[in-house]
Amino acid sequence: MSRALFGVLGALLAAFPERVIQAYESIAFENAEAATARGYLIPTVRAEGLAYVLVAAIGGRAHDRLMDVVGVFGALALCFPRRYLETGGRLVYEDADELEWRDGVVTAARALGAVFLAVSVRAFLKRSAER
């Protein structure tokens, strides 16, 4: 199930990185028009999407490692959602200090972190049971 979801997510990221970024900005920021993405954001989102598609197609150890990474980032977002968002913002936006997060974004980041951590733990337990 997670392979298929990551494959679909990856295809969307790879095919429409600008639209995905615009959607994220309109949801996340009060002042989305002030967001100035660094030049590497679009190619990075596209590359991430292609990596997801590739991992979903290959499966096996590649998928296992992806689930491990998803768990690490999920745990960080769950435990430190504000820091997670601010660090990500500084990495990809030139004017990160000027951006205003919408109400509820920190809570949403925490909730998504919990979901990603749960998906990762589920994958880990499934791998462990198969051994």
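Here are a few things to note about the model shown:
- In the set (1) open to solvent by 50 Å² or more (accessible area, probe 1.4 Å); (2) free of Cβ contacts under 8 Å to residues at least 40 places away in the same chain, the condition left unmet by Pro81 is number (1).
- Annotation: Glu30 fulfils all but one of (1) without any contact (Cβ under 8 Å) to a residue 40 or more places away in the chain; (2) of a type outside the set (Gly, Ala, Ser); (3) more than 30 Å from Phe124 (Cβ to Cβ); (4) loosely packed, with under 13 Cβ neighbours inside 10 Å; the unmet one is (1).
- Residues (closer than 25 Å to Gly104 by Cβ and either polar (S, T, N, Q) or open to solvent by 50 Å² or more (accessible area, probe 1.4 Å) (or both)) located in segment 33-49: Glu33, Thr36, Glu48
- In this structure, Gly89 does satisfy being free of Cβ contacts under 8 Å to residues at least 24 places away in the same chain and either outside any helix (DSSP H, G or I) or surrounded by 16 or more Cβ atoms within 10 Å (Cβ to Cβ) (or both).
- Any hit, segment 94-104, residues being part of a helix (DSSP H, G or I), touching a Ser or Thr at 6+ places or on another chain (Cβ under 7 Å) and either closer than 30 Å to Ala129 by Cβ or open to solvent by 50 Å² or more (accessible area, probe 1.4 Å) (or both): no
- Which listed residue, of Val69, Val45, is assigned to a helix (DSSP H, G or I), of a type outside the set (Lys, Arg) and under 16 Å from Ile21 (Cα atoms): Val45
The values are calculated or read from the model by the stated rules, or taken from the named source; none is laboratory data. If you're wondering where the values come from, they're calculated on a predicted model, not measured in any experiment. Note that we place each Cβ from the backbone using ideal geometry, even for glycine, and neighbour counts take in every protein chain shown. When the accessible area is computed, the model is the full protein with side chains, heavy atoms only, and any ligands, DNA or RNA have been set aside. Shrake-Rupley method; radii C 1.70, N 1.55, O 1.52, S 1.80 Å.
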